[in-house]
Amino acid sequence: MKAVAVFPQQREVRVIDAPEPRLQSPTQVKVRTREVGVCGTDRDIVQFLYGTSPPGSEYLIVGHECLGEVVEVGGAVQGLQKGDLVVPRVRRPCPHATCPACRHGHPDFCVTGDYTERGIKEAHGFCAELFVEDVAYVHRVPAELREVAVLTEPLTIAEKALREVRRIQERLPWKPETGRAVVLGAGPVGQLGVMALLRRGYVTTVYSRSPKPNEKAAAAEAVGAPYLSSKELSVEELVRRAGAPDVLYEAAGAAKAAFETLKVLAPNGVVVLTGVPSHEEALSLEGAALLKQLVLKNQVVLGTVNAADSDFDMALDDLGRFRARWPGGLERLITARHPPEDYCDAVTGRKGGGGIKHVITFT
Ligand SMILES: [Zn+2]
Ligand SMILES: [Zn+2]
């Protein structure tokens, strides 16, 4: 079967003819891949900065944001049948008996670092015509979400983050009014974060680098989030226009912008860090002033990665809600669909450059 693989030793990325996977347990399903989204993690993998092949394999099949269709079910599988659309989760638990996170069904909080991730770390991904997965790691997708369900995995970032924010804010001895949010960055994680924040009632503003007009700004404003350019407006002006954010949602992986904007976080606010910076930026930090601010304003810094079972379910529910509330809003986040042969161009933006979310399609 056709698959896209990276060969870290040879520093090559190419379409290969991989062995077709077979069911190896009665709780597994075989899935025909429909679509695979690509993101910054994939960019790092094709540049050989990140990603680890499974033990004994000279290559890693890439792809972790996937929508597929069930073509075979094991004898013990319940609740799924041939023809169902599914989205698989990415991370699998570490083997250690002492890891409380993995032993409690939350490899997203793994403490040993020995988890595996399909398409990223020591397990083949989904950018192949077929894959096999245990039914415990796949989520059934309503047929009406077929066009947008490839966005499920990137949306789970926001679902997990906002679930944590809600729990954190339960520390406040009153029920806080849902407040203001500022999203840093306007890529797919930022855009889906905007929708998730709006859905929860936050008055949400996007603060990102590129000046308007651009398609990311248009996508954000189409769902009701004003877009302000950090090239044109200082953080002080951002606050004058949008108010001090109760939630600052960092989705750009930009350290300098994150620390700069953190200065205007509202009292009792939470800064959520979701972006992984890919390079070091020269940054001068007034450490004492920052610590003083965090202490005197009861602020919380939250880093979050990956997502749990329930976050995938919530993401699928939310995709349905977003579609009803903003017709076409999700669809416009998918900039272009490419064949597997164009994987590298899609990831690095050489083909259909720029845009928001690029997707590989298997037919
Ligand atoms: Zn991704
Ligand atoms: Zn673990």
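What follows is calculated from the coordinates using simple rules that are stated; it is not laboratory data. No experiment lies behind these values; they were computed from the predicted model shown. Here Cβ is always computed from backbone atoms with ideal geometry, including for glycine, and neighbour counts include all displayed protein chains.
Data for the structure
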quantity: Student exercise, region 103-222 dipole from Lys, Arg, Asp, Glu Cβ charges, in Debye to nearest 20; calculated: 680 debye
quantity: Footprinting exposure proxy for Glu281, Glu250, Glu159 (fewest neighbouring C-beta atoms within 10 Å first); calculated: Glu281, Glu159, Glu250
quantity: Förster-model FRET efficiency, 22 Å R0, Asp317 and Glu69, C-beta, rounded to 0.05; calculated: 0.60
quantity: Highest-fluctuation residue, Val270, Val36, Val111 considered, GNM on the chain with Cα pairs under 10 Å; calculated: Val111
quantity: Candidates Leu228, Leu172, Leu316: whichever shows maximal mean-square fluctuation once the chain is modelled as a Gaussian network with Cα springs under 10 Å; calculated: Leu172
quantity: Dipole in debye (nearest 20) - region 155-303, about Cα centre, beta carbon charges: Lys, Arg +1; Asp, Glu -1; calculated: 400 debye
quantity: Segment Glu144-Arg240, extension gain: residue separation times 0.36 nm, minus the distance between their alpha carbons; calculated: 30.4 nm
quantity: Förster-model FRET efficiency, 25 Å R0, Leu296 and Arg163, C-beta, rounded to 0.05; calculated: 0.35
quantity: Theoretical gain in end-to-end length, Arg200 to His279 [0.36 nm per residue, Cα-Cα removed]; calculated: 25.2 nm
quantity: Label point distance in nm, Lys175-Ala218, each placed 7 Å from Cα along Cα→Cβ; calculated: 4.1 nm
quantity: Dipole magnitude of the chain, debye to nearest 20 (Cβ charges: Lys/Arg +1, Asp/Glu -1, about Cα centre); calculated: 820 debye
quantity: Pairs beyond 19 Å (Cα-Cα), from Lys30/Lys82; Lys175/Lys292; Lys231/Lys292; calculated: Lys175/Lys292; Lys231/Lys292
quantity: Lys2-Lys263 pseudo-label distance in nm [points 7 Å out on the Cα-to-Cβ vector]; calculated: 5.2 nm
